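**Q** Sending over a structure as structure tokens; questions will come in a sec.
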């Protein structure tokens, strides 16, 4: 089936932030103007990503909203295409990126240092992430994947706090290492199949003679995703980067950048290497259980608000792994429930943890400390921030009525039939999560009001806008999940079906 | 016959009240917070009317199936999650109990919470709490039920921690949520296990409650499958209904406002656990292991909790242990197969326990303390509170002809006739609990209302007086009226709904037969025996705390170690919090892993980085910048490659 066409919508979604960055760099002067321009631009970008999500039709199989030039680089032996499209897996991720892109710009309103440069990097970051989620040519995919590093490095090392250079460098080295392995994997696939087309790749891998053992190629990709997600023990860059990054960058990092790892696992590791992923599913579920429980236990010990939320991300990304591990199926039947759950978990964690980092960032700006022992009794003085933090915390611990519950129960139901004991073990994470979240709320918001916070203020209107947007996203998915779960299911079903066919045809 | 939309309205009225208060009144019209109370009362009152209509409709249908309305909500592969309404006799009764008690509590709260700065927030939570409980009993799908189940837990968290500036309240709220969540973990596993076994449902939707019932009664669930599902569900019920060993949160939950305790203890949170077991009763019946577990846990809890109630000095703690004990009664009833009596006891208990809690709140309103050592002599100052509290106490103790007598008698009769060892064991446990119950409640009664007044909040060093401090007078009418209404229920609810002889308008054993359960005939010997036991407990309390013929101090001294173990709650709080959580998880496991994360995992990474940097440094020596040197190396390389090429090809 040939996919062609050029609608232009996705091109606009991907490159609008970049265009905005160029305009800011060249023409916009004055910090206030820069902020307003960037804010307006990301609102437009959010509108475009909503249009993408709404336009996506779950009834039509395959890729939609295609933007494709076949001969982008017109060299016969090097058939790189310009190829953007979305399916059910990527359409919600585009929406998520649009939403958090808007949030991150509004969260940066109080940045006072080198403002123009800051917003330029922030917008470039958004283009890179949008590109990763929509590119369907491996060459482009890799370009966007690596492009994301540049703004991240500068954003953390210039506008961060604490050991910012160390953390930025650590993040860079880890991710570059993963990217380097992935590049080898991409080249190996290209030399085997003569194409960079990701939509043609699953079939091509099955028929072509591979220049490397298929397991090795799988491992090269998987390592990149494992660092990004991250999987224990490759996670140590994450708490450092999160803690030292500015608020908006933490929001983007936790909200969408980690999801590139999960997205890659589903789109590439599961979608292109069905046999291999079935063979190593036991390893993935083991890693998932370790992530969930180890992450939750280490979270309990954290004394810095941002570090605490960062470690909770390690724990929650474990649920993505557990969902992915369900692809091995049981008795030759592969159910889409687990993969849908994994994708849902990426989306919901993006909104929930984005919200958590946003709120913690605001509280840090007002209280001038992130050290939990110094906080306490804030609820009286900041009812808006406190209410939102309670909602975000409850969503994080998977309370029904919030999005966190929907994704967790879907992961559990989808994976329990394949990996009963590991899933049951991981489900105990809900108790540990309740422990650290409620303890966090108790120590920061509740208790008697402290003298030093007697004059502390609540969120301003401008700060309340991104908070409200994310709270609505958290509750909407929690109350009526079908509008997003249907899309994800449409996206992962082709993958589970192809795995199932291979499992049936196999020995 | 009731319409579907009317049933949904039972849920949506309080939910709308919550939304209006939370989104409009609290943020923008907080000056008019008083409106929040009236709005909640109106909403819950409307729900009560509709619930009575629903009860009438179900009754009118006579024998047979439930009313069922189901809608698609979310579908992912085989995970077909519908939401809907399942209206059967059990649901209808629970609806009436929940809304009726809630209505009384809301009216009472307008007096009790008057002037509290969080007035609007209080009613927002109360509306949501009522709505969640209604949603829980209406649910037609186990996942839907779980959703509201957790929301009930959330609301109790919010309300127990309502005065969040008090550290004890914040800690108690957290404890309630986490301890019940341990039980919810079991419930969640049960849901997973049901879904796992969906193939054995033969085409039925494994998440629909009616389909689970059918599968259990048709024997589609093999022995161990039913056992595991039932035990998982029971774990959830143990958390919410505070059954041993997950009971420790309930006494601490006293930190919330007293009307909240009344609601939690009578009609919402803790009743949810008993309801859950009743809701999945066919699954339990399919497994004798599960049934026996329920019976033993319930029977043990009945006695265990009552024993701690004997020595508490805080009136609300006495009532809290009483609730745990009475919930044990309900559980043991269900465990011996007495479905009707178990729910019957839940029904009567709702009236007298809400009454007792609100009575203790009324006492607190006047004295400013909950510690009975600083009360006494309130009979004259608070005649209405006194009279209604006495009715509640007699009903709890189970004396003829009050409500508690009839339901407790049915539970005991069914345990007695169960026929197996389990029935015998729990019967004697229950009978011992009956003695303790009547003793502790009349100990509380005498200490509170008789003798001389001992100073109230002024004498109590530990209290933070609520409201105006010590002023010995009857509470305002909006607090006394609900007490009166509940007192009527505590008198009549037993015989009137489930008479032992045909009353004409109410047929014999109407309540239990309406639930579709078998009712034992009234057993005069058992009734007399249990009444004697209860009377003995009251007598002992009279001797010790009223006439003082027996010295309580001397007795507690001579029973020193026992008294200490009881008043320290069998050291279970220490076991859980100090050894389990603080030293075990936080100080042990988590601390160890945190160390591993920093000292091993991260150190390994930085070490690798160090090597990379230093190897880089070594290699840099080769980068001399001399073109001649580079040229030499390149030439050698090219020659080597050419040589290899020539040799091997």
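The values are calculated or read from the model by the stated rules, or taken from the named source; none is laboratory data. Here the structure is a predicted model, which is why all the values come from computation and not from measurement. With ideal geometry, Cβ positions are generated from the backbone for all residues, glycine too; neighbour counts draw on all protein chains shown.
**Q** In the stretch B:519-616, which helices (runs of 4 or more DSSP H) lie fully inside it and hold 1 or more residues that are within 17 Å of residue B:436 (Cα to Cα)?
**A** Numbers: elements: B:524-541, B:552-558, B:560-567, B:591-596.
Per the criteria, B:524-541, B:552-558, B:560-567.
**Q** While we're on this one: Of all residues in the stretch A:459-497, which are surrounded by fewer than 16 Cβ atoms within 10 Å (Cβ to Cβ) and more than 22 Å from residue A:349 (Cα to Cα)?
**A** A:460, A:461, A:462, A:497
**Q** Give the stretch A:140-163 a look and list any residue that's in contact (Cβ under 8 Å) with a residue 40 or more places away in the chain and more than 20 Å from residue A:265 (Cβ to Cβ), or say none.
**A** Matches in the stretch A:140-163: A:152, A:155, A:156, A:158, A:159, A:160, A:161, A:162, A:163.
**Q** For the stretch B:78-96, how many residues are over 22 Å from residue B:274 (Cα atoms) and surrounded by 20 or more Cβ atoms within 10 Å (Cβ to Cβ)?
**A** 2
**Q** Turning to a different aspect of this structure: Which of the following residues is at pLDDT 90 or above and more than 19 Å from the chain's Cα centre (by Cα): A:252, A:272? Write out each step before concluding.
**A** On the way: A:252 fails: more than 19 Å from the chain's Cα centre (by Cα).
Exactly one of A:252, A:272 is at pLDDT 90 or above and more than 19 Å from the chain's Cα centre (by Cα), namely A:272.
**Q** Name the single residue, out of those in the stretch A:415-437 being within 9 Å of chain B (Cβ to nearest Cβ) and assigned to a loop (DSSP other than H, G, I, E, B), that is surrounded by the most Cβ atoms within 10 Å (Cβ to Cβ).
**A** Step by step, filter the stretch A:415-437, then rank; the result is A:417.
**Q** Separate question: Looking at B:576, B:571, which one is more than 25 Å from residue B:376 (Cα to Cα), in contact with a helix residue (DSSP H, G or I) (Cβ under 9 Å, 6 or more places away or on another chain), within 14 Å of another protein chain (Cβ to nearest Cβ) and modelled with pLDDT under 80?
**A** B:576
**Q** Further question: Which condition from (1) buried (at least 23 other Cβ atoms within 10 Å of the Cβ); (2) touching a residue at least 24 places away in the same chain (Cβ under 8 Å); (3) in a helix (DSSP H, G or I) is the one that residue A:84 breaks?
**A** Status for residue A:84: all satisfied but (3).
**Q** Only one of these conditions is not met by residue B:197: (1) free of Cβ contacts under 8 Å to residues at least 60 places away in the same chain; (2) under 18 Å from the mean Cα position of the chain (by Cα). Which number is it?
**A** Tallying (1) free of Cβ contacts under 8 Å to residues at least 60 places away in the same chain; (2) under 18 Å from the mean Cα position of the chain (by Cα), residue B:197 fails exactly one: (2).
**Q** Check every one of the helices (runs of 4 or more DSSP H) wholly within the stretch B:368-446 and list those with 3 or more residues that are under 23 Å from residue B:479 (Cβ atoms). Reasoning before the result, please.
**A** Numbers: elements: B:378-381, B:383-397, B:403-416.
In the stretch B:368-446, B:378-381, B:383-397 are the helices (runs of 4 or more DSSP H) which contain 3 or more residues that are under 23 Å from residue B:479 (Cβ atoms).
**Q** Which of the residues that make up the stretch B:164-191 are closer than 16 Å to residue B:265 by Cα and surrounded by fewer than 23 Cβ atoms within 10 Å (Cβ to Cβ)? Let's see the steps before the verdict.
**A** The initial filter retains those residues of the stretch B:164-191 that are closer than 16 Å to residue B:265 by Cα, namely B:172-173, B:176-177, B:180.
The answer is B:172, and nothing else.
**Q** Would you tally the residues in the stretch B:154-163 being surrounded by 24 or more Cβ atoms within 10 Å (Cβ to Cβ) and within 12 Å of chain A (Cβ to nearest Cβ)? Before you say what the answer is, go through the steps one by one.
**A** So in the stretch B:154-163, the residues surrounded by 24 or more Cβ atoms within 10 Å (Cβ to Cβ) come out as B:155-157, B:159-161.
Cutting the leftovers down to within 12 Å of chain A (Cβ to nearest Cβ) gives us B:155, B:157, B:160-161.
Residues flagged as surrounded by 24 or more Cβ atoms within 10 Å (Cβ to Cβ) and within 12 Å of chain A (Cβ to nearest Cβ) within the stretch B:154-163 amount to 4.
**Q** Restricted to the stretch B:204-220, and to residues that are more than 17 Å from residue B:140 (Cα to Cα) and in contact with a helix residue (DSSP H, G or I) (Cβ under 6 Å, 6 or more places away or on another chain), which residue is nearest to the other protein chains (Cβ to nearest Cβ)?
**A** B:220
**Q** Does the stretch A:125-133 contain any residue that is over 17 Å from the mean Cα position of the chain (by Cα) and either closer than 29 Å to residue A:66 by Cβ or away from chain B (no Cβ under 14 Å) (or both)? It would help to see each step written out before you state the result.
**A** Filtering the stretch A:125-133 for residues over 17 Å from the mean Cα position of the chain (by Cα) gives none.
There is no residue in the stretch A:125-133 that is over 17 Å from the mean Cα position of the chain (by Cα) and either closer than 29 Å to residue A:66 by Cβ or away from chain B (no Cβ under 14 Å) (or both).
**Q** In the stretch B:508-518, which residues are part of a helix (DSSP H, G or I) and surrounded by fewer than 19 Cβ atoms within 10 Å (Cβ to Cβ)?
**A** Initial filter on the stretch B:508-518 (part of a helix (DSSP H, G or I)): B:510-514.
Of everything in the stretch B:508-518, those that are part of a helix (DSSP H, G or I) and surrounded by fewer than 19 Cβ atoms within 10 Å (Cβ to Cβ) turn out to be B:510, B:513.
**Q** Of the residues A:347, A:412, A:405, only one is crowded, with 24+ Cβ neighbours inside 10 Å and under 22 Å from residue A:250 (Cβ atoms); which?
**A** Unique residue meeting the criteria: A:347.
**Q** Okay, moving on. Within the stretch B:172-203, how many residues are under 16 Å from residue B:144 (Cα atoms) and either modelled with pLDDT under 90 or more than 7 Å from every other protein chain (Cβ to nearest Cβ) (or both)?
**A** Of the residues in that region, 6 qualify.
**Q** Go through (1) at pLDDT below 90; (2) closer than 23 Å to residue A:488 by Cβ for residue A:162 and report which single condition fails.
**A** Of everything listed in (1) at pLDDT below 90; (2) closer than 23 Å to residue A:488 by Cβ, residue A:162 misses just condition (2).
**Q** Given B:10, B:21, which one is under 26 Å from residue B:354 (Cβ atoms), within 14 Å of chain A (Cβ to nearest Cβ) and surrounded by 21 or more Cβ atoms within 10 Å (Cβ to Cβ)? Spell out the reasoning first.
**A** Working: B:10 fails: within 14 Å of chain A (Cβ to nearest Cβ).
Unique residue meeting the criteria: B:21.
**Q** Could you pull out every one of the helices (runs of 4 or more DSSP H) wholly within the stretch A:247-335 that has 1 or more residues that are free of Cβ contacts under 8 Å to residues at least 24 places away in the same chain, surrounded by fewer than 24 Cβ atoms within 10 Å (Cβ to Cβ) and within 14 Å of another protein chain (Cβ to nearest Cβ)? Before the answer, list the steps.
**A** Working: elements: A:247-252, A:258-264, A:274-301, A:305-325.
Those helices (runs of 4 or more DSSP H) span A:274-301.
**Q** Restricting to the stretch B:133-154, count the residues that are without any contact (Cβ under 8 Å) to a residue 40 or more places away in the chain and under 14 Å from the mean Cα position of the chain (by Cα).
**A** Here is the first cut: in the stretch B:133-154, the residues without any contact (Cβ under 8 Å) to a residue 40 or more places away in the chain are B:147-148, B:150-151, B:154.
Filter again for under 14 Å from the mean Cα position of the chain (by Cα), leaving B:148, B:150-151, B:154.
Summing the residues that are without any contact (Cβ under 8 Å) to a residue 40 or more places away in the chain and under 14 Å from the mean Cα position of the chain (by Cα) in the stretch B:133-154 gives 4.
**Q** Shifting gears a bit: Do we have residue B:456 as in contact (Cβ under 8 Å) with a residue 40 or more places away in the chain and surrounded by 24 or more Cβ atoms within 10 Å (Cβ to Cβ) here? Spell out the reasoning first.
**A** Numbers: in contact (Cβ under 8 Å) with a residue 40 or more places away in the chain: yes; surrounded by 24 or more Cβ atoms within 10 Å (Cβ to Cβ): yes.
Yes.
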